[in-house]
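Student: Supplied in structure tokens, the structure appears directly below.
The values are calculated or read from the model by the stated rules, or taken from the named source; none is laboratory data. Values in this document were obtained by computation on a predicted structure and should not be read as measured data. FYI the Cβ positions are ideal-geometry reconstructions off the backbone, even for glycines, and counts take in every protein chain you see. Note: accessible area is taken over every heavy atom of the protein model, side chains too, but ligands, DNA and RNA are not part of it. Shrake-Rupley method; radii C 1.70, N 1.55, O 1.52, S 1.80 Å.
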Amino acid sequence: MKYLKSLLFTAFFGAGLLLSAQTSGDWQQHVDYSMDVEMDVKTYQYQGTQKLVYTNNSPDQLDRVFYHLYYNAFQPGSEMDIRLQNIKDPDKRMMQDGKSRIASLSESEMGYLHAKSLTQDGQSVTFKEEGTILVVDLAKPIPAGGKTTLEMTFEGQVPLQIRRSGRNSSEGVALSMSQWYPKLSEYDFEGWHPNPYIAREFHGVWGDFDVKITLDKDYTVGGSGYLQNPQEIGHGYETPGTKVKTKGKTLTWHFKAPNVHDFMWAADPEYIHDTYEMEDGPTLHFFYKDNPEFNENWKNLQPKTAEAMAFFSNNVGKYPYEQYSVVQGGDGGMEYAMSTLITGERQFGSLVGVMVHEMAHSWFQHVLATNESEHEWMDEGFTSFISSLCMNQIMEQNKQNPFEGSYRGYYALVNSGLEMPQSTHADRYPTNFAYGVSAYSKGSIFLSQLGYIIGQDKLMETIQKYFEDFKFKHPVPNDIKRTAEKVSGMELNWYLTDWTQTTNTIDYGIKSVEANGEGTKVTMERIGEMPMPLDILVVGKDGTQKTYYVPLRMMYGEKDNPYPNLERTVLEDWPWAYPTYEFTLDMPLDNVQAIMIDPSQLMADVNGENNVYQAEE
Ligand SMILES: [Zn+2]
């Protein structure tokens with residue numbers, strides 16, 4: 001049946017997918033950070049001051065606040081360390097000879113981040129460290145609509161690079177500084193989110209960041225934020241053709257990042273710093289270690305980064321910042337505000353692939369910013385979905401199904417018996433395998449399969465409306481569902497609940513095909529618990545093709561014909577509770593060559609065997 005799939009996939013995607021080109025949103029807290037830090041590049045210790053103006057836009061009075069102190073996770077005996085020692089399939093990057101790398105960190109190699117003093121509007125407050133969280137009892141409550149200023153001095157030590165952040169990465173990047181400062185926890189309509197840092201992920205409050213970083217003048221710094229003093233700094237930031245003279249042993253870099261929920265920087269004395277100007281787009285910055293084996297890949301990456309930026313801006317929504325930086329560092333790929341840290345010693349395709357994925361997060365994690373600890377599939381999954389489409393276009397992969405890998409992964413998870421509902425907290429999956437497939441693959445399928453349900457054009461319209469309506473609002477699962485409902489006119493609660501809150505699977509089959517006078521009686525069966533509408537392709541022995549559409553009753557609507565070149569018959573709705581469904585083809589059995597459920601294969605039917613009927617030769 002392969003030829004049928006190919007044929008229809010082309011028709012399907014030709015139809016415009018690539019070309020079309022209480023919610024969470026009632027109030028948002030606001031933070032404005034001013035920070036001044038001094039880094040000792042020999043001891044990897046740093047001292048800082050932080051002034052945080054916190055605006056309480058919630059309807060609640062707040063008596064205490066929480067900060068994240070992420071670097072405390074990189075200490076022997078931390079929750080992250082103990083989890084690593086107990087999970088069945090620990091992250092390989094964090095292990096050495098079968099043991100947790102955190103467990104063996106010495107005093108000078110571990111990470112820490114401690115508040116030394118803290119005041120609220122000038123009055124000192126009591127605070128207590130609980131692992132990676134600082135609990136602060138306020139001197140006076142912040143009333144609804146009120147504002148307060150929290151001033152802190154802090155000290156930190158950058159851990160050896162073990163996960164995401166740290167010093168001396170495997171590729172020799174000196175400083176990958178993510179999650180490095182005391183970061184106020186998010187308070188939203190669900191309450192506080194003082195999530196211990198065990199493995200993943202991040203959630204934050206938007207605000208304006210003003211950050212001054214002082215360090216050895218030989219180091220080049222890149223990351224979030226616009227450099228305010230390029231003519232004092234140089235390092236490739238200066239106006240082309242000008243010369244910058246510096247005095248002293250250190251430089252103080254002054255960055256501003258407006259309306260972000262995170263601030264990352266990386267520094268290395270051997271970075272090459274290139275900039276790439278996009279027409280009608282942000283300025284792109286690239287920071288990578290001088291390495292003759294990979295320099296060409298990093299040069300060729302630059303126009304591809306511009307293409308990806310244009311792709312996402314056209315297909316999701318306009319990128320709202322004037323800068324994006326691709327920085328070599330970290331331990332794989334991780335998204336940050338206006339930037340990413342990626343490992344750089346990669347083949348070209350892999351380098352483009354990781355850049356595309358991390359850049360796509362700018363839309364889903366940095367501008368929409370779902371809480372990725374609770375709804376990881378809305379971040380990693382949607383990012384995977386849109387980056388698969390982007391790769392297919394900018395790398396000219398021309399895959400018939402750019403999401404094939406996600407479906408394969410999902411089926412493997414179902415067969416493993418380890419699947420958990422997607423509503424599971426990101427830290428509390430029993431295996432990293434189940435987390436990964438659920439967040440990335442099953443999360444991506446949420447959208448590709450939604451396209452099957454409501455139609456591809458409506459899917460792209462949904463994504464764009466979702467971005468427009470919920471940017472800077474931390475959307476929750478119901479928000480994407482409601483958007484799809486508004487765009488499609490269908491009721492989709494069944495889809496959200498079954499797909500994301502249960503491990504129900506989809507299995508429809510062709511039970512029997514029998515002669516019925518001049519026609520052919522087809523009996524379908526629903527074996528899985530999860531409901532779906534069905535597209536059915538019928539191929540005659542004379543080569544004719546037509547489709548039948550069985551809407552699901554509980555969606556109270558119909559999609560447009562996904563195969564406009566083929567005649568489509570819309571059949572009666574299938575009410576979910578009925579295990580079987582019959583319809584008649586206006587074609588004698590002798591003329592039927594094949595019948596196939598969902599030729600697009602975007603419906604994640606866990607048993608494809610019973611989806612096809614083929615006449616005996
Ligand atoms: Zn990701």
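Student: Work out how much length LEU571 to VAL612 would gain on full extension: take 0.36 nm times their residue separation and subtract the Cα-Cα distance, in nm to one decimal.
Tutor: Difference between extended and current length: 12.9 nm.
Student: In nm, what is the difference between 0.36 nm times the number of residues separating LYS521 and GLU155 and their Cα-Cα distance? Spell out each step's value before the answer.
Tutor: Details: separation 366, 0.36 × 366 = 131.76 nm, distance 7.51 nm.
Length gained between LYS521 and GLU155: 124.3 nm.
Student: Now a separate question. In the chain, what percentage of the DSSP-assigned beta bridges are antiparallel, given to the nearest 5?
Tutor: Values: 109 of 133 bridges.
Counting only bridges with both partners in the chain, antiparallel ones make up about 80 percent.
Student: Also: Go ahead and run the numbers for FRET between THR43 and THR246, Cβ-Cβ distance against an R0 of 30 Å, rounding to 0.05. Display every interim value, and only then the final one.
Tutor: On the way: r = 23 Å, r/R0 = 0.76.
With R0 = 30 Å, the Cβ-Cβ based efficiency is 0.85.
Student: If you build the convex hull over the alpha carbons only and average its shadow over all orientations, what do you get for the chain? Give it in nm² to one decimal. Numbers along the way, then the final one.
Tutor: Values: hull surface 118.6 nm².
Mean shadow area of the hull around the Cα atoms is 29.6 nm².
Student: When all protein chains stay in place, what accessible area (Å², nearest 10, 1.4 Å probe) is found for GLU38?
Tutor: The accessible area comes out at roughly 120 Å².
Student: Per-residue ellipticity at 222 nm for the chain, helices alone: DSSP H runs ≥ 4 residues times -39500 (n - 2.57), over residue total, nearest 500 deg cm²/dmol? Mind showing how you got there, number by number?
Tutor: Numbers: 12 runs with 139 residues, N = 617.
Mean residue ellipticity at 222 nm (helix-derived): -7000 deg cm²/dmol.
Student: Another question about this same structure. Sum up the charges of everything whose Cβ sits under 12 Å from the Cβ of HIS285, counting Lys and Arg as +1 and Asp and Glu as -1, but leave HIS285 out.
Tutor: Residues close to HIS285 contribute a combined charge of -3.
Student: Going 7 Å from the Cα of ARG553 toward and past its Cβ, which residues in the stretch 560-579 have a backbone nitrogen under 16 Å from where you end up?
Tutor: Counting backbone N atoms under 16 Å from the label point, the list is 571-579.
Student: By accessible area of protein heavy atoms, probe 1.4 Å, what ranking do LEU175, LEU418 get, highest first?
Tutor: On the way: LEU175 0, LEU418 70 Å².
Accessible-area ranking of LEU175, LEU418, largest first: LEU418, LEU175.
Student: Another question, then. What do you get when you divide the Cα radius of gyration of the stretch 448-532 by 2.2 N^0.38 Å, with N the number of residues?
Tutor: Against the empirical 2.2 N^0.38 Å value, I get 1.45 for the stretch 448-532.
Student: Keeping all protein chains in the complex and leaving out DNA, RNA and ligands, what accessible area do you get for GLU307 with a 1.4 Å probe, in Å² to the nearest 10?
Tutor: The accessible area comes out at roughly 80 Å².
Student: Restricting to bridges with both residues inside the stretch 311-382, how much of the DSSP beta-bridge set is antiparallel, in percent to the nearest 5?
Tutor: Working: 4 of 8 bridges.
Here the antiparallel bridges make up roughly 50 percent for the stretch 311-382.
Student: Given the stretch 125-204, what percent of its DSSP beta bridges are antiparallel, to the nearest 5? Numbers along the way, then the final one.
Tutor: Values: 10 of 11 bridges.
Bridges in the stretch 125-204 are about 90 percent antiparallel.
Student: Moving on. When only DSSP loop residues count, what chymotrypsin sites (Phe, Trp or Tyr not before Pro) in the stretch 500-558 have their Cβ near at most 15 other Cβ atoms within 10 Å? Could you put the intermediate results ahead of the total?
Tutor: Numbers: sites: TYR508, TYR548, TYR549, TYR556; in loops: TYR556.
Within the stretch 500-558, the qualifying chymotrypsin sites (Phe, Trp or Tyr not before Pro) (loop, at most 15 other Cβ atoms within 10 Å) are TYR556.
Student: Exactly which GluC sites (Glu not before Pro) in the stretch 367-452 are in a DSSP loop and have at most 10 other Cβ atoms within 10 Å?
Tutor: Within the stretch 367-452, the qualifying GluC sites (Glu not before Pro) (loop, at most 10 other Cβ atoms within 10 Å) are GLU396.
Student: Assuming 0.36 nm per residue, please report the length gained on full extension of the stretch GLU404 to MET95 beyond their Cα-Cα distance.
Tutor: Details: separation 309, 0.36 × 309 = 111.24 nm, distance 3.08 nm.
Extra length from GLU404 to MET95 when fully extended: 108.2 nm.
Student: Among TRP180, TRP574, VAL539, which residue has its Cα furthest toward the positive end of the charge dipole of the chain, with +1 on Lys/Arg Cβ and -1 on Asp/Glu Cβ?
Tutor: TRP180
Student: Hey, can you find the accessible area per residue of the chain for me, probe 1.4 Å, expressed in square angstrom? It would help to have the intermediate numbers written out before the result.
Tutor: On the way: 24080 Å² over 617 residues.
On a per-residue basis, the chain sits at 39 Å².
Student: If you don't mind, there's one more thing I want to ask. Report, in debye and to the nearest 20, how large the dipole of the chain comes out about its Cα centre when Lys and Arg carry +1 and Asp and Glu carry -1 on their Cβ.
Tutor: Working: 51 positive and 84 negative charges, 216 e Å.
Roughly 1040 debye for the chain.
Student: For every other residue with a beta carbon closer than 11 angstrom to the beta carbon of ASN516, add +1 if it is Lys or Arg and -1 if Asp or Glu, then tell me the sum. Could the numbers behind the result be given before it?
Tutor: On the way: positive: LYS521; negative: GLU514, GLU518, GLU582, ASP586.
Neighbourhood net charge equals -3.
Student: Can I ask one more? Calculate the FRET efficiency for GLN397 and ASN295 from the Cβ-Cβ distance with a Förster distance of 22 Å, rounded to the nearest 0.05. Before the final figure, lay out the partial values.
Tutor: Details: r = 25 Å, r/R0 = 1.13.
The pair GLN397/ASN295 has a calculated efficiency of 0.30.
Student: Mind checking the dipole of the stretch 175-277: about its Cα centre, +1 per Lys or Arg Cβ, -1 per Asp or Glu Cβ, Debye to the nearest 20?
Tutor: With only Lys, Arg, Asp and Glu charged at Cβ, the dipole is about 520 debye.
Student: Just the number, please: carbon plus sulfur as a percent of the accessible area of the chain, 1.4 Å probe, no ligands or DNA/RNA counted.
Tutor: On the way: 11100 of 24080 Å².
Carbon and sulfur together cover 46 percent of it.
Student: Just to confirm a number: summing +1 for Lys and Arg and -1 for Asp and Glu over residues other than PHE209 whose beta-carbon lies under 13 angstrom from that of PHE209, what do you get?
Tutor: On the way: positive: LYS51, LYS183, LYS212, LYS256; negative: ASP32, ASP36, ASP208, ASP210, ASP262.
With Lys, Arg at +1 and Asp, Glu at -1, the net is -1.
Student: Still on this structure: Indicate the gyration tensor shape class of the stretch 141-234 (rounded, prolate or oblate), computed on the Cα atoms with a ≥ b ≥ c the square roots of the eigenvalues: a/c under 1.5 is rounded; otherwise a/b larger than b/c is prolate and the rest oblate.
Tutor: Oblate is the answer for the stretch 141-234, as a/c is 1.5 or above yet b/c matches or exceeds a/b.
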